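All remarks here apply to the structure that follows.
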Amino acid sequence: MGEIGLRELKKQRMYRDVSGVAVRLFLEKGFESVSVAEVAAAAGISKPTLFRYFPAKEDLVLHQIADHQDEAARVVAGAGGAPLDALRRHFLDGLERCDPVTGLNGDPGVLAFHSLLYGTPSLVARLYEYQERTEEALAEALGGGLDARLAAGQIVAVQRILALENWRRIDSGERVEEVRADAVDAAERAFGWLATGVPLLGSTAGDTR
């Protein structure tokens, strides 16, 4: 058992270290300007070894947020009450902590990482695959079936749009404290819509009441 534990720790360390080296190079030179061979050399491993851990170049970057892939599913699995209430509280807690996944974080390193992620087309495409797996895990936690998949898709979309809006505002120069109140209000409103229905979709064309 101890041997398995050590093997897993070594594997996790390899993922973390190689991904860290790769992101540093990508931030310095640009994602397209750095080859996988260059990342492998900088990390002190062979190119085939790198591909055993990271099947695609984009995975070197996405590993930085891999811990969040089943986060929503874990929140729902551990919820004592309604799943949506638990997810809402979790997102609001993230805003309070300035969790990078909420977009409400002004750390230069976090901003640079998000600029790399959202500014590179191939990374954006890979991010959508990542979000699909997030939806699948959440749908399973919600009980499976079409209704659960529909709900999971809406929840993941809301979280993504809220985080992207927060990041865009901070990246444009606004301070975290200037954005926080609007971020909380937007999150409350969005999760409220998830619970009761989006008003805009229920109105006739031109009627914004």
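Data overview
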{"item": "Flag for E96 being surrounded by fewer than 19 Cβ atoms within 10 Å (Cβ to Cβ), of a type in the set (D, E, K, R) and modelled with pLDDT under 95", "result": "no"}
{"item": "Enumerated helices (runs of 4 or more DSSP H) restricted to region 35-84, each holding at least 1 residues that are touching a residue at least 60 places away in the same chain (Cβ under 8 Å), among the small types (G, A, S) and surrounded by 13 or more Cβ atoms within 10 Å (Cβ to Cβ)", "result": "71-77"}
{"item": "Verdict on L127 being touching a helix residue (DSSP H, G or I) at 6+ places or on another chain (Cβ under 9 Å), aliphatic (A, V, I, L, M) and either at pLDDT 95 or above or outside any helix (DSSP H, G or I) (or both)", "result": "no"}
{"item": "Given (1) in a helix (DSSP H, G or I); (2) touching a helix residue (DSSP H, G or I) at 6+ places or on another chain (Cβ under 7 Å); (3) open to solvent by 30 Å² or more (accessible area, probe 1.4 Å), number of the condition Q12 does not satisfy", "result": "(2)"}
{"item": "Selection status of S172, open to solvent by 40 Å² or more (accessible area, probe 1.4 Å) and under 18 Å from the mean Cα position of the chain (by Cα)", "result": "no"}
{"item": "Count of region 100-135 residues which are surrounded by fewer than 17 Cβ atoms within 10 Å (Cβ to Cβ), among the charged types (D, E, K, R) and over 20 Å from L25 (Cα atoms)", "result": "3"}
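Matching residues to (1) hydrophobic (A, V, I, L, M, F, W, C); (2) assigned to a helix (DSSP H, G or I); (3) modelled with pLDDT under 95:
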residue	(1), (2), (3)
N105	no, no, no
Q131	no, yes, yes
A157	yes, yes, no
L162	yes, yes, no
W167	yes, yes, no
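The values are calculated or read from the model by the stated rules, or taken from the named source; none is laboratory data. Since we're looking at a predicted model, the values are computed, not measured. FYI the Cβ positions are ideal-geometry reconstructions off the backbone, even for glycines, and counts take in every protein chain you see. To get the accessible areas, we keep the full protein, side chains included, count just its heavy atoms, and leave off ligands, DNA and RNA. Shrake-Rupley method; radii C 1.70, N 1.55, O 1.52, S 1.80 Å.
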